[in-house]
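Quick notes on the structure that follows.
The values are calculated or read from the model by the stated rules, or taken from the named source; none is laboratory data. As the structure is a prediction and not an experimental result, all values here were calculated from the model. Counting neighbours? That spans all protein chains shown, and the Cβs are built from the backbone with ideal geometry, glycine included.
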Amino acid sequence: MDRNFITNNIRNKRQSLSTVSESEMSGMLPKINTFSKKYLLKLLGTGALVSCLAMPALAAGSHTKATGNHAKKPNVIMIVIDDAGFASLGAFGSEIETPNIDQLAYSGLRYNRFDSAAISAPTRAALITGRNPQTVNMEDLPPKIVIKPGPNGGMKITRSKAPANSVPLGSGPATSGEIPTNAENVAQAFQASGYSTYALGKWHLAPEYVDNVKRNKAFWPLQRGFNYYYGFISGHTDQYHPLLIEDNHKLPTPQDPKYDLSVDLVDHAINLMKPDSKKPKFLYLALGATHAPLQVSKSYIDEYKGKYAIGWDKLRQERFIRQKQLGIIPQNTVLPPRGKGDAAWNSLDAQHKRVFARFMATYAGFMTQTDEQIGRLIKYLKKTHQYKNTLIMLITDNGAASEGGPNGGFRTAYGDRTTVAQMDAHLDEAGGPKTYMLYQRPWAYADDTPFRRYKLWPYLGGVRTPLIVSWPGHIKSPGSVRDQYVNVVDLAPTMLDAAGTKFAKKVDGVKQIPVAGRSFLKTFEDKNAKTRSVQFFSLRGDRAITDGKWRAVAMHRLGAPFSEDQWQLFNTEKDFSESTDLAKKYPEKLKEMKKLWWKEARKYSNPPIIKPNPVLYKFNHMSDGLND
C-alpha cells in the first residue's frame, strides 16, 4: 500500500494539539490557526487551496445551475462509513489520521447537526428512500425469517429465534424489514433521470430468509433500482473472508491471504467510475469498515502503538479541546460526564489498560486504512478529470459502537466470553483473521465526543454523526461548518435536487408513499438557508423529538407502560452536547414536545410505538443506569 500521505509532519503537528489543556489551548489559538493554514496547504495542495480561497461568491441565480440545468449532470457518490462516531474523523476532532476525508471536508462543507437513525439498517433505509425508517418497515434491523411448508401446499412464514443482533422487535409492519415497492428509492429515481446506478458494499436492507426461494432476492439491490451490485447483504462480514454477492449471485469466499474487503470494494468503485460520456453515474459505496470485526493489517495498527495508553477519559478531553479549536462545536459546549456503566480508565489494572489500548489502536488503524481507500477513489476521479463534476456526500451511519460492553469482543464481536487475560496472551493476533474484534464501550464514548452515550441510544451520541459534502464550484466558502439541522431522510432529496430531478409522486400509475425528507441544497451556498426543523425518533422503546433548538428524549424501562417514561428536555442551541436537562424548568415546553412526538409518530409509523424485545433491550442498555 502507498502510505506516503501519512507524513511525520502531519502526525507531529496533530499530536501537538492533543497534549494541551483547554486553558493552554486558548493561549495557543493564534499559533494553532497558523498551523491550520500550513496543514491545509500541505493536505490539499497549494494550488487547490488557493483556488478555493480565491473562488468568488456564487451568483444569486447559481442555485438554478446547481439543480441540474447545466449542460452536464453531475456524477453523485454517496459514501457510508460504518459504526464511526462524531469525533472519529480528523476534520471532526480526532487524532486518527484521515487526511483524504479531511481533504473532502476542508474543500467542501462539514455539517455539525446531522442526525442518523442510531443504527445501521434504519439509517440506510432512510438514506435511500428519503422516508422515515418506520414508514418503510425498517425501524430496526431486518429480521431473520424461516419459510416452512404450510397447509395445502402453501408456505408458512415465521420469525426465527435468532441471535440478539437479529431478533425482530415485533410483528407490525414497521419492523418487517421489507421496504415497500411504492416507496421509490434514490437509485430508481436516478435511473428514471438517465443515470447508471451502482451499489457496493453493505446492503442490510433485506430480511435474511433461511431458505433459497426467489423471495430471498426481492429486496436485493438489483430489484431495487441498481444496475450493478457487489458486496454483502448482511449487517457485517469478515474483512478477509467476506460473504460476497455479485448482482443476484453468491460468490466463492476469497481465499487469497492478501485479500482485503475495503480494497476490493474501492477497486470495483474505480472500475465503475471509468469515464463514460453516455450517462452520468450514481455510486452508493457502503463500506464494511469500521464496523466489527476490527480487522486490518499490523502495519496500520503499529501507526498507533502507544497512542492510546492515555485511556478513553483523557482521549475524550483532548478531542473535545480539538473540536473547539476546529470550530466543529460551539465554544460554550460542555462535556457531559462519563456514563455510570463505563469504568474510569484509572480504575483499570495494567493488563486491562494494555489490552484495551490495543483495541483502540486497531480501530484507529482500521479507520486510517479506510481513509486511504477513499483517497484512492478521489485520486482516480481527479486523474480522470471527473472530480469537479462529482457531488460526494460522506456520512457515518450511527454513533460509535457500544455493543462490545466493558471488555470488548476478541474472538467474536458480540457476547464474547474470552477473558482479558486470554486476550492479552494472544494480543499479537489483534486485527488478524483469527479475531473478530469490537472495542470496549468507553472507547465509543470517546468516539462520540462531545455527546452522551453511543450507537442505539436516543441521545445525540447515538444519532449525531459527521456529514461531509464536496462539490467543486457549487459551494460557497469551502471549508466552512454548517450548523443547519439535517437528517438522513434529507440526503436523497438533496442528491436528486443536485441532479435536477426529484422523487416521483407516481410510478407506473402507483401512488408513492410521501417523502419526509427535504433538499438542503441551498445550504451549499447559503449558511443561513432554512432546513427542516422537526424530526421524530423511535428505536427499541426509546424515543426522541427535535423541534428547532429543542430536543426531548425518553428512555424506556422494560415492562413499564410508555406513559411512565421519564422525558428529558434540552436546548441544543445553547447546550450543543445535551449536558443539562431542562424538563423541570420548562414543563410546558416538554408537554408540547411530547405531544409533537405523538403527532409525528402517528404520521410516520404504524403502530406509532412498538413494545421492545426484552433480549435486545437488555443488550442495548447493558443493565446500567438510565438517564445519567
Matching residues, the range 265-302, being farther than 30 Å from K72 by Cβ and either out of contact with any helix residue (DSSP H, G or I) (no Cβ under 6 Å at 6 or more places or on another chain) or outside any loop (DSSP other than H, G, I, E, B) (or both): H291, A292, P293, Q295, S297, K298, S299, Y300, I301, D302
Any hit, the range 287-310, residues being over 21 Å from I101 (Cα atoms), among the aliphatic types (A, V, I, L, M) and at pLDDT 95 or above: yes
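Yes/no per residue for (1) out of contact with any His (no Cβ under 6 Å at 6 or more places or on another chain); (2) among the β-branched types (V, I, T); (3) modelled with pLDDT of 85 or more; (4) in a helix (DSSP H, G or I):
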| residue | (1), (2), (3), (4) |
| --- | --- |
| L29 | yes, no, no, yes |
| K38 | yes, no, no, yes |
| V50 | yes, yes, no, yes |
| L58 | yes, no, no, no |
| I79 | yes, yes, yes, no |
| N100 | yes, no, yes, yes |
Matching entry among S262, S193 (being under 15 Å from A289 (Cα atoms) and of a type in the set (S, T, Y)): S262
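What are the residues in the range 438-492 that are of a type in the set (A, V, I, L, M, F, W, C) and assigned to a loop (DSSP other than H, G, I, E, B), if any?
Within the range 438-492, the subset of a type in the set (A, V, I, L, M, F, W, C) is 438, 443-444, 446, 451, 456-457, 460, 463, 467-469, 471, 475, 481, 486, 488-489, 491-492.
Within the range 438-492, F451, L456, W457, W471, I475 meet the criteria.
Condition (residue is of a type in the set (D, E) and either surrounded by 14 or more Cβ atoms within 10 Å (Cβ to Cβ) or under 23 Å from T449 (Cα atoms) (or both)) applied to the range 552-564: is it met by at least one residue? Let's see the steps before the verdict.
Of all residues in the range 552-564, those of a type in the set (D, E) come to 564.
Imposing the further condition that a residue be either surrounded by 14 or more Cβ atoms within 10 Å (Cβ to Cβ) or under 23 Å from T449 (Cα atoms) (or both) reduces the set to none.
No, because not a single residue in the range 552-564 is of a type in the set (D, E) and either surrounded by 14 or more Cβ atoms within 10 Å (Cβ to Cβ) or under 23 Å from T449 (Cα atoms) (or both).
In the range 234-250, is there at least one residue being assigned to a strand (DSSP E or B) and in contact with a helix residue (DSSP H, G or I) (Cβ under 7 Å, 6 or more places away or on another chain)?
Going residue by residue through the range 234-250, those that are assigned to a strand (DSSP E or B) are 245-246, 249-250.
Next, from what is left, pick out any that are in contact with a helix residue (DSSP H, G or I) (Cβ under 7 Å, 6 or more places away or on another chain): none.
No: the range 234-250 contains no residue that is assigned to a strand (DSSP E or B) and in contact with a helix residue (DSSP H, G or I) (Cβ under 7 Å, 6 or more places away or on another chain).
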Filter result for T370 (out of contact with any Phe, Trp or Tyr (no Cβ under 6 Å at 6 or more places or on another chain) and among the hydroxyl-bearing types (S, T, Y)): yes
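One line per residue, one yes/no per condition, for (1) closer than 19 Å to T370 by Cα; (2) more than 27 Å from the chain's Cα centre (by Cα):
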| position | (1), (2) |
| --- | --- |
| T253 | no, no |
| K258 | yes, yes |
| S262 | yes, no |
| V266 | yes, no |
| K278 | no, yes |
| K281 | no, no |
| A289 | yes, no |
Single condition L272 does not satisfy, out of (1) over 22 Å from T368 (Cα atoms); (2) crowded, with 23+ Cβ neighbours inside 10 Å: (2)
Single unsatisfied condition, N346 versus (1) surrounded by fewer than 17 Cβ atoms within 10 Å (Cβ to Cβ); (2) more than 25 Å from K305 (Cβ to Cβ): (2)
